[in-house]
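Asker: Dropping the structure in here first, questions after.
No lab work stands behind these numbers, since they all come straight from the coordinates. On a predicted model such as this, the values are computed, not experimentally measured, just so you know. Cβ placement follows ideal geometry from the backbone for every residue including glycine, while neighbour counts extend to all protein chains displayed.
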Amino acid sequence: MDLSTRGAALVAVLLLVSSIAIPVSAEISDSDNRPEQNPNDGSSVPQIQTANNSTKHHDDPNAVSEGGDISEVEGWLTDRLANRLGDSAVQISQGQYEQAQSIIGDDYDSRLEQLIDVAGETEGDSDDEAADRLSIIQRAQRNYSAAASEYNETYREYQEAREASNETAARRYARELREIEQDVEQLNRTLIRNYEQVENLTGADLSTVTRSIGSTTENITTQQRQLEGELFTPTRLQIRADSATVAYDDPLTIRGQLTRENGSALADRSITLRIHTQTQEVETDADGRFTLRYRPRTLPANTSMLRVEYVPEAESAFLPANSTVAVTVEQVEATIELRATPKRIGYDDQVEVAARLVHNGEPVSGIPLTADINGYELPNARTTADGNAAMTGRLPSTIPTGKYQSTVSIAVAGRAVTADPATTPLTVTETATTLSIAGERVGETMTLSGRLTTTDGDPLDDRTVRLTIPEGGDHTVQTGGNGTYSVTLSGSELSDGVNGSLAVTARFDGGGTNLGSVSTSERIQFETFGSTATQPSGGLPLGPVAVVVVCLVLAGLGAGVVRYSRSDDDDERPPDGADYISESDIETPDAAQDQPDFSTSWSLLEADRPDTAVRYTYQQLREHLTSEVSVRHSDTHWEFLAKCRRSGLPEDQTVVLEELVQTYERSRFYGDGRDQDIDSLMDRIESTWS
């Protein structure tokens, strides 16, 4: 089937599906509710503005000829999506946040999916990229709406605190507002950038949505600057270093002074300073002066400017301040000493690799170590005060049977402390498996089922079992969560030779894994199938006929339509090559566990994947809190945070969770985790949920 034929068929499918399966919500006042007339009847046509301000008309797909003008369909769908984005932005500017999100909800998804199908039928990549950008915009604009809503709700709480003369609470709310306002600004930049890219790729006019979002952002920013001027006092931090070099075995002495912006000292008080991933509390004297010693551990060796930041308490009347000092980092070579490693391990065995990090015979603390077995990395562990660390995990099936090296190394390269890897041999042994099979006739069908486990009874899920039936061919099926599988065959799928007895062989191939292969055969007895049922006479009603036609057309397109396979994470893939994590990259957290496990988060973080670590941690906590908070799968992270607050979550957990959500937002859309203090955030999360 050539391109034009496939295009015509695809247009026909879109027409039929649109007529029977995509109702438009009456509550949404966007272009999908406006007249969409055929130019042949003299009525108005949906329009988009091209870059040169001339108007390009896109026909309603119902007016497209049978030849299938893909470009017209593409323009019509882009027009619909652009109009929805504009209407959503207007609702945001009017404070109608739920309405704003519904406008770019399910119906937007339907139109976007159609656009993706159409884009797959054309040559070139610009329309595919435009569809991707429109998907990114949808998620970012929904998050923008949620953030704007959260800002307004928090602002009301701030006002109530001011009216009650509760300055402490007012400052706490003001700091929350500052964080939310920063997220709003970042989302605004993401949206503006993607609006411009869609305009360049399609010629669509997104000036309305750009103005609406820009105006809302400006209003929030202006309001934030005003309230900060009412509540907080700006500060100034000045620092100098006693040396131009810094090393683990040669800490840097930093002297500084913290003052108000007018020069008066913040005297005789305890203050918190942050340097890279470390925080220290120091005391200021009568002139606001202080001294601290900084010993680098995971500071990048190529650091040339060391940043020191004053971090006020949430109820403080002062704003944060920061300053930098020029340094040269001198790397220190430490030694990894292996303490205990397994010699023989099998599938799902508990693996523990113990090691100690020393320099000149002295223990080195605070350094993340990792252990690798043929590409499988155990979760990282930080060295303790005595230099010890233990990496633990369970051996997956993906490491084939054989002899390997267990390698322990520092989890992040190019830092202030480095060390050569240490290795030791170990053997991965084969784990035997068992496989059962049974059959049951139900009506005119035969259900074959069974279970795949280790010989110790541990279920093996997500494994392929092949069933061979001489009278019915081969069938493959995946095992479920408890190792069970099931496949149902109709009597018509079995040959005429079946007469009350069915020979079935089930096989599992453990090749390429450390699981043993297994095969089992059974002859299943059952009552003989009756004669084939006759087809009822008479035609199908119109609705089912239409559905059948759609299925037939789609089947005909199967070899020719290039279709995106998209997950929720694909829809959220950030621009500019930001670090990315999908469902297949991580193990789904167990919502039933007593406490969330952050070992994988540390592993990702110390492997220099901060954005991935943040997203995994967010998923862990979201799953963990589902038993306490009623969260829908479709809720954005801002909606999730708002529900956690309303659920009565303890204040210490709410504060840390909010910081995680804000960091998750930046990581998801901007990929700037390397610019954030993720290590300190992880420490606070672990201590809060430990």
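Asker: Each residue of the range 186-199 in turn: what ³J(HN,Hα) in whole Hz from Karplus with 6.51, -1.76, 1.60 and θ = phi - 60°, glycine and Pro shown as x?
Answerer: Listing the rounded values in order: 5, 4, 4, 5, 4, 5, 4, 4, 6, 4, 4, 5, 5, 4 Hz.
Asker: Same structure, new question: What does the C-alpha gyration tensor say about the overall shape of the range 235-329? Classify as rounded when a/c is under 1.5, otherwise prolate if a/b is larger than b/c, or oblate.
Answerer: It is prolate, given that a/c is not under 1.5 and a/b is the larger ratio.
Asker: Oh, and also: Could you go through the range 292-306 in sequence order and give the Karplus-derived ³J(HN,Hα) for each residue, using 6.51 cos²θ - 1.76 cosθ + 1.60 with θ = phi - 60°, rounded to whole Hz, and x for Gly and Pro?
Answerer: After applying 6.51 cos²θ - 1.76 cosθ + 1.60, I find 9, 10, 10, 10, x, 10, 9, 5, x, 5, 8, 5, 10, 10, 8 Hz.
Asker: Identify the GluC sites (Glu not before Pro) of the range 158-238 meeting these criteria: DSSP loop state and at most 14 other C-beta atoms within 10 Å of the C-beta. Don't skip to the end; give the middle numbers.
Answerer: Values: sites: E160, E163, E167, E176, E179, E181, E185, E196, E199, E218, E228, E230; in loops: none.
Filter output for the range 158-238: empty list.
Asker: Let me ask you something else. For the range 297-456, just say rounded, prolate or oblate: build the C-alpha gyration tensor, square-root its eigenvalues into a ≥ b ≥ c, call rounded for a/c under 1.5, and beyond that prolate if a/b exceeds b/c, oblate if not.
Answerer: Values: a/c = 3.69, a/b = 1.85, b/c = 1.99.
Note, shape of the range 297-456 comes out oblate.
Asker: Moving to a separate point now. Express in whole angstrom the spacing between the alpha-carbon centres of the range 420-482 and the range 336-383.
Answerer: Each part's Cα centre sits 33 Å from the other's.
Asker: While we're on this one: Ranking T328, T433 by Cβ neighbours within 10 Å, fewest first, what do you get? Please list the in-between numbers first.
Answerer: Values: T328 13, T433 21.
Fewest-to-most Cβ neighbours within 10 Å comes out as T328, T433.
Asker: Starting with the fewest neighbours, write out W602, W689 ranked by other beta-carbon atoms found within 10 Å of each beta-carbon.
Answerer: Numbers: W602 21, W689 18.
Lowest to highest Cβ neighbour count: W689, W602.
Asker: Determine ³J(HN,Hα), in whole Hz, for all residues of the range 416-433 in sequence, where each value follows from phi through the Karplus function 6.51 cos²θ - 1.76 cosθ + 1.60 and θ = phi - 60°; x replaces Gly and Pro.
Answerer: Here the 3J(HN,Hα) series is 4, 10, 10, 6, 6, x, 10, 10, 8, x, 8, 10, 9, 9, 7, 9, 5, 10 Hz.
Asker: Further question on the same structure: Relative contact order, percent, of the range 235-329 when contacts are C-alpha pairs under 8 Å separated by at least 6 residues? Please report the intermediate quantities before stating the final value.
Answerer: Values: 212 pairs, mean separation 30.9, N = 95.
Relative contact order for the range 235-329 comes out at 33 percent.
Asker: Oh, and also: If neighbour count is taken as other Cβ atoms inside 10 Å, put R189, R344 in order from fewest to most.
Answerer: Details: R189 14, R344 9.
The most exposed by this proxy come first: R344, R189.
Asker: Right, another one. Taking amide H atoms as placed 1.01 Å from N in the peptide plane, list the residues 5 or more away in sequence, or in a different chain, whose amide H sits under 5 Å from that of L489.
Answerer: Under 5 Å from the amide H of L489: M446, T447, L448.
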